[in-house]
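J.: Pasting a structure here, questions to come.
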Amino acid sequence: MNATSASTTTATTASPTGSITIAATRQKLQTAPLNRTKCLSLIEQAQFTNDKEIANAVAIAKWFYQSSRKLEVSVLHDVAIWKEVLKLGFNLAGKGRPNDLHLLLAKFTKLFPFKTLTDQEAVELLIKAYGIIGRPQSIAAVLAGVQQTVDRRRLEAAAVLAYADCGANEQVDALLGSSKNILEANDYRRLARIYAYKGNVERTKAAMQHYDNDGKDQLMLLRAHGRALDAICRYRVQHRGVFGLTLNSCSIASTAFDKIDQSFEAAEVMQLLEKPDSNVSEWNLVLDYYCRANQLDHTRYPMARAEGILKGMSAKGIQPNEMTYHILLNAYSRCQEYNDTNNTNTRLDKALALFEEFSATDATDYRRMFHALLRACIPHGPEHYPYDYFTQASNIEAGTPRMHLDHRFFDIEKIMLKGRVPYDRLSFATALTCLGAARQYKAMWERWQMTKLSGLRRSQSLYRHVFALASLDPEQAGYALSVVKEELVREIPNVESYHPELLTAMLDCCVAAKEPRVAKQIIHGSTMLSSSSLSSSPGNHRPILAVLRAATSLQGLEAEAKAVFDAVPKDDLPFNSRLWYWSMVYLALQGGNAGQAREIQSLFTSYTMKRFESLGKVAIPVHETSPVVPFPSGPYTSLDMSLIDMYIQSLVDSQNVSLVVDVLKEWNSQKSKGQRLSKAARQGVLQLLEREKSGEDLDWVKQNII
């Protein structure tokens with residue numbers, strides 16, 4: 001088996017009764033359309049399909065939203081059949097295919113406008129569907145315009161659950177406030193379950209107060225805490241992990257973590273587990289909480305605490321199940337606790353030891369196990385994990401060094417493929433990360449080319465990943481632009497459909513390979529300079545950032561740089577956006593005149609105030625005489641340091657000696673150990689003070705700054 005061979009999807013699905021197989025019916029459809037009885041039987045089967053056989057369920061959904069001739073006309077207009085089809089759409093959405101539900105819903109509402117619907121269950125399913133796809137306005141429209149013949153209380157109960165499902169909590173409160181009798185006990189149980197899966201601990205507790213759970217629903221409360229922690233983990237990955245930083249330090253989310261942790265401890269979890277009838281599901285939820293907490297604070301929650309839960313299960317005579325091993329193995333694969341040297345990998349050691357124990361059980365899902373083993377192989381150094389959540393090379397502010405790849409990676413890959421566990425997109429991307437981070441590009445490109453024979457579809461996300469890894473090296477970036485880019489255009493010819501992340505990775509390759517001509521082609525061949533991209537909503541400035549970085553890094557893109565700089569929404573920029581940095585770089589490249597220096601200083605002041613608004617960190621007034629300027633207080637991130645450095649150089653250009661010295665003194669009192677200005681900034685300050693013959697200030701700068 002080659003390195004990227006793909007599994008053959010099972011073509012048949014056994015129904016609960018074994019009456020009709022989906023695949024056999026799909027073959028017979030060449031001669032005769034499906035009648036009502038066969039159609040209902042197939043839909044029932046499809047609702048029980050597993051992840052490997054999801055293609056069959058998707059095929060049935062397509063028959064309905066594409067108005068296939070495979071179905072009798074009467075079937076397409078049968079509301080009873082459509083109710084089962086919508087339930088199938090719910091299952092597909094839960095398996096990561098929400099677009100199928102969108103399309104089914106669009107077809108259903110076209111055939112059965114809600115203002116004409118009188119079937120109670122159909123209306124309730126319609127409301128539930130709008131909740132799943134996140135359309136609270138549509139829920140309100142159905143409530144306002146549906147026929148009066150339906151049961152209003154049941155309809156409003158369905159609306160409460162749907163609003164909760166899409167996060168419209170104000171509408172939930174409004175409906176519940178209008179009448180205390182909307183929800184019955186079972187409705188409140190469903191509401192508690194929805195909030196638990198969303199990680200809303202307080203609302204889960206509130207819903208649980210409305211029915212007698214007799215202690216049996218503690219499982220739900222445990223799940224709510226775990227999901228809340230998962231949301232904080234995702235936040236830190238987005239704001240730290242993708243930038244090559246560890247997840248163990250994030251002041252913005254630390255308060256939320258502390259609040260959840262206090263609630264978790266107050267739930268007297270250990271007493272819950274000590275009860276005689278505690279089960280493996282409850283222990284797994286506690287284990288999952290400890291493992292996620294380790295990602296956020298491995299000092300407070302070392303992996304030893306999670307390992308203690310496993311020992312506690314054994315002491316209680318509770319046998320770990322497959323999920324237990326998945327949780328713990330995933331935790332080891334992401335753990336940033338171990339202080340490894342450049343040639344050791346403790347998390348892989350522990351993951352492999354657990355894998356051996358797992359292999360001795362009756363486990364069946366080895367695919368997820370190998371996902372975790374490959375992830376544990378991702379190269380890292382002592383307290384340095386730049387590739388654990390790698391998405392773009394340009395994201396990693398501290399640079400992307402070459403790191404050692406544990407040789408056991410290749411052994412794991414061989415075992416995986418020999419065991420007929422093929423690469424999927426997730427495991428393949430992880431393997432590419434391992435090889436790219438170690439700069440083993442020959443092996444990386446071999447695996448990339450083998451996808452042509454394996455059946456593994458090279459999606460935009462996979463192309464983005466391989467471009468991003470290639471951009472770590474100028475030579476490999478050039479290869480990606482000359483070879484891989486052509487493959488991309490052949491396989492996905494619609495350039496205007498390329499995601500901003502893919503275009504960013506391609507532009508990063510242009511910067512690394514110093515290819516302004518190709519960068520210009522990418523920028524103008526896509527929609528990156530379109531009015532919609534340049535006026536992107538706050539928090540979604542990726543196209544602007546990608547173009548500005550490339551245009552300021554490469555000669556010949558001055559017009560593109562100006563167009564993008566003028567479009568930067570400086571009033572709406574998040575304080576931690578890299579657009580602040582590249583906007584300053586753009587201004588710095590416009591020439592060392594007084595006007596340019598003032599623009600940099602004005603931009604830095606805007607950044608300082610935005611940082612104050614977001615973090616609550618004091619903007620310190622600097623300079624005893626006019627002008628009094630705000631300066632950010634510490635501690636400083638690498639982005640802060642980059643902006644401060646350019647700000648000080650602009651002050652040097654302005655030749656305001658007293659302001660330069662006052663800013664330097666304030667920065668020196670706030671900076672952390674090891675932080676220093678760039679060589680260019682230090683030399684500029686030194687030359688200015690020497691030229692102005694400011695002896696006392698010069699001595700202080702030499703002693704404290706230089």
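The values are calculated or read from the model by the stated rules, or taken from the named source; none is laboratory data. All figures in this text were calculated on a predicted structure; none of them were measured in a lab. Backbone-built Cβ (ideal geometry, glycine too); neighbour counts: all protein chains shown. Keep in mind that these areas ignore ligands, DNA and RNA; they rest on the heavy atoms of the full protein, side chains included. Shrake-Rupley method; radii C 1.70, N 1.55, O 1.52, S 1.80 Å.
J.: If you check ARG490, ARG439, ARG458, which single one turns out to be part of a helix (DSSP H, G or I) and either farther than 25 Å from TYR385 by Cα or at pLDDT 95 or above (or both)?
T.: Within the list ARG490, ARG439, ARG458, the selection yields ARG490.
J.: What's the number of the only condition in (1) in contact with a Ser or Thr (Cβ under 7 Å, 6 or more places away or on another chain); (2) in a helix (DSSP H, G or I); (3) free of Cβ contacts under 8 Å to residues at least 40 places away in the same chain that MET450 fails to meet?
T.: Only one criterion in (1) in contact with a Ser or Thr (Cβ under 7 Å, 6 or more places away or on another chain); (2) in a helix (DSSP H, G or I); (3) free of Cβ contacts under 8 Å to residues at least 40 places away in the same chain is unmet by MET450, namely (3).
J.: If we scan segment 375-383, do we find a residue that is part of a helix (DSSP H, G or I) and either in contact with a Ser or Thr (Cβ under 6 Å, 6 or more places away or on another chain) or at pLDDT below 90 (or both)?
T.: yes
J.: A further question on this structure: Has segment 258-276 got any residue that is open to solvent by less than 10 Å² (accessible area, probe 1.4 Å) and closer than 25 Å to ARG578 by Cβ?
T.: Checked against the condition, which is being open to solvent by less than 10 Å² (accessible area, probe 1.4 Å) and closer than 25 Å to ARG578 by Cβ, segment 258-276 yields no hits at all.
J.: Listed residues ILE522, ILE544; which is modelled with pLDDT under 90, open to solvent by less than 40 Å² (accessible area, probe 1.4 Å) and in a helix (DSSP H, G or I)?
T.: Exactly one residue qualifies, and that residue is ILE544.
J.: Return the total of residues in segment 471-487 being in contact (Cβ under 8 Å) with a residue 40 or more places away in the chain and either among the hydroxyl-bearing types (Ser, Thr, Tyr) or open to solvent by less than 30 Å² (accessible area, probe 1.4 Å) (or both).
T.: 2
J.: Applying the selection to segment 212-233, what residues are farther than 24 Å from TYR389 by Cα and either part of a loop (DSSP other than H, G, I, E, B) or open to solvent by less than 40 Å² (accessible area, probe 1.4 Å) (or both)?
T.: Within segment 212-233, ASP212, ASN213, ASP214, GLY215, LYS216, ASP217, MET220, LEU221, LEU222, ALA224 qualify.
J.: Give segment 335-360 a look and list any residue that's free of Cβ contacts under 8 Å to residues at least 40 places away in the same chain and either open to solvent by 20 Å² or more (accessible area, probe 1.4 Å) or aliphatic (A, V, I, L, M) (or both), or say none.
T.: TYR338, THR344, THR346, ASP349, ALA351, ALA353, LEU354, PHE355, GLU356, GLU357, SER359, ALA360 - these are the residues of segment 335-360 that are free of Cβ contacts under 8 Å to residues at least 40 places away in the same chain and either open to solvent by 20 Å² or more (accessible area, probe 1.4 Å) or aliphatic (A, V, I, L, M) (or both).
J.: Just wondering, is there one or more residues in segment 611-622 that are part of a helix (DSSP H, G or I), open to solvent by less than 50 Å² (accessible area, probe 1.4 Å) and of a type in the set (Lys, Arg)?
T.: Looking through segment 611-622, at least one residue is part of a helix (DSSP H, G or I), open to solvent by less than 50 Å² (accessible area, probe 1.4 Å) and of a type in the set (Lys, Arg).
J.: Within segment 660-686, how many residues are assigned to a helix (DSSP H, G or I) and either open to solvent by 10 Å² or more (accessible area, probe 1.4 Å) or of a type in the set (Phe, Trp, Tyr) (or both)?
T.: Looking only at that region, the number is 13.
J.: Out of everything in segment 655-679 that is among the polar types (S, T, N, Q) and within 38 Å of the chain's Cα centre (by Cα), what residue ends up being modelled with the lowest pLDDT?
T.: By that ranking, first place goes to SER672.
J.: Taking into account only those residues within segment 362-404 that are farther than 25 Å from VAL242 by Cα and in contact (Cβ under 8 Å) with a residue 40 or more places away in the chain, which is least open to solvent (accessible area, probe 1.4 Å)?
T.: Once the filter is applied, the top-ranked residue is ALA363.
J.: When you go through (1) of a type in the set (Val, Ile, Thr); (2) within 21 Å of ALA546 (Cβ to Cβ); (3) in a loop (DSSP other than H, G, I, E, B) one by one for THR504, which number turns out not to apply?
T.: (3)
J.: Quick one: would you say LYS316 is over 24 Å from the mean Cα position of the chain (by Cα) and over 20 Å from MET220 (Cα atoms)?
T.: yes
J.: If you don't mind, another one. Which residue out of GLY134, GLY96 is outside any helix (DSSP H, G or I) and farther than 29 Å from SER179 by Cβ?
T.: GLY96
J.: Still on this structure: From the set of residues in segment 568-592 that are touching a residue at least 60 places away in the same chain (Cβ under 8 Å) and under 21 Å from GLU558 (Cβ atoms), which is most open to solvent (accessible area, probe 1.4 Å)?
T.: GLY592
J.: Those residues that are crowded, with 19+ Cβ neighbours inside 10 Å, within 20 Å of GLN209 (Cβ to Cβ) and of a type in the set (Ser, Thr, Tyr), I need them from segment 126-180; list them, please.
T.: Matches in segment 126-180: TYR163 only.
J.: Further question: Considering segment 563-582 alone, what residues qualify as being more than 23 Å from CYS509 (Cβ to Cβ) and either part of a loop (DSSP other than H, G, I, E, B) or over 26 Å from the mean Cα position of the chain (by Cα) (or both)?
T.: Answer for segment 563-582, where residues must be more than 23 Å from CYS509 (Cβ to Cβ) and either part of a loop (DSSP other than H, G, I, E, B) or over 26 Å from the mean Cα position of the chain (by Cα) (or both): ASP566, ALA567, VAL568, PRO569, LYS570, ASP571, ASP572, LEU573, PRO574, PHE575, ASN576.
J.: Within segment 405-426, how many residues are surrounded by 20 or more Cβ atoms within 10 Å (Cβ to Cβ) and part of a helix (DSSP H, G or I)?
T.: 4
J.: Just wondering, is there one or more residues in segment 467-485 that are within 23 Å of HIS371 (Cβ to Cβ) and more than 24 Å from the chain's Cα centre (by Cα)?
T.: no
J.: For segment 58-70, state whether one or more residues are within 30 Å of ALA443 (Cβ to Cβ) and modelled with pLDDT under 85.
T.: no
J.: In the set ARG236, ARG292, which member is open to solvent by less than 30 Å² (accessible area, probe 1.4 Å) and in a helix (DSSP H, G or I)?
T.: The match here is ARG236.
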